[in-house]
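Participant: This structure is in structure tokens; I'll ask about it shortly.
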Amino acid sequence: MRKSLVILFYHGGECSLCRERLKMFAENYGELVKLETEILAISSDGSDKNRNLSADLDIPSPLLADPEGRVIEKYTYCRED
């Protein structure tokens, strides 16, 4: 079975806006599953921080760690002025 995939890059567990976005996805996770959609959230936080954040916010989807920023750099762009 093919599923759709949403990759969410977020600044980390200390970012209040990111926490709100993660909570929104968690609250709507059941609807996303019905639409055959999975979410992967990636930040530069380490695995321990992600585990704690996942538990604190009751996140049903994976929070992936990219502490060296390799994946984040490859798939995102940030313009520095």
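Participant: If I ask for residues that are touching a helix residue (DSSP H, G or I) at 6+ places or on another chain (Cβ under 8 Å) and either more than 18 Å from L17 (Cα to Cα) or polar (S, T, N, Q) (or both), which ones from region 33-61 would you list? Steps first, answer last, please.
Facilitator: Kept after step one, since they are touching a helix residue (DSSP H, G or I) at 6+ places or on another chain (Cβ under 8 Å), are these residues of region 33-61: 38-39, 41-45, 53, 57-61.
Selection gives E38, S43, S44, P60, S61.
Participant: Go through (1) farther than 13 Å from P67 by Cα; (2) touching a residue at least 12 places away in the same chain (Cβ under 8 Å) for V33 and report which single condition fails.
Facilitator: The one condition V33 does not meet is (2).
Participant: Please go through region 7-39 and give me each residue that is touching a Ser or Thr at 6+ places or on another chain (Cβ under 8 Å) and open to solvent by 50 Å² or more (accessible area, probe 1.4 Å), ordered by number.
Facilitator: Answer for region 7-39, where residues must be touching a Ser or Thr at 6+ places or on another chain (Cβ under 8 Å) and open to solvent by 50 Å² or more (accessible area, probe 1.4 Å): F9, H11, L35, E36.
Participant: Six or more apart or on different chains, Cβ under 9 Å: which pairs go from a residue in region 4-22 that's of a type in the set (D, E, K, R) to one that's open to solvent by 70 Å² or more (accessible area, probe 1.4 Å) and not in a strand (DSSP E or B)? Could you list them?
Facilitator: E14/K49; R19/D56
Participant: Considering only residues of region 40-55 that are open to solvent by 40 Å² or more (accessible area, probe 1.4 Å) and small (G, A, S), which is farthest from K74 (Cα to Cα)? Walk me through it before giving the result.
Facilitator: Step one: list which residues in region 40-55 are open to solvent by 40 Å² or more (accessible area, probe 1.4 Å), which gives 40, 44, 47-49, 51-52, 55.
Retained after the next criterion (residues that are small (G, A, S)): 44, 47, 55.
Numbers: S44: 13, S47: 20, A55: 28 Å.
Across region 40-55, the extreme among qualifying residues is A55.
The values are calculated or read from the model by the stated rules, or taken from the named source; none is laboratory data. This structure is a prediction, so every number in the text was calculated from the model and none was measured. Neighbour counts run over all protein chains shown; Cβ positions are idealised from the backbone, glycine included. For the accessible areas, the whole protein counts, side chains as well, though only heavy atoms, and no ligand, DNA or RNA atoms are used. Shrake-Rupley method; radii C 1.70, N 1.55, O 1.52, S 1.80 Å.
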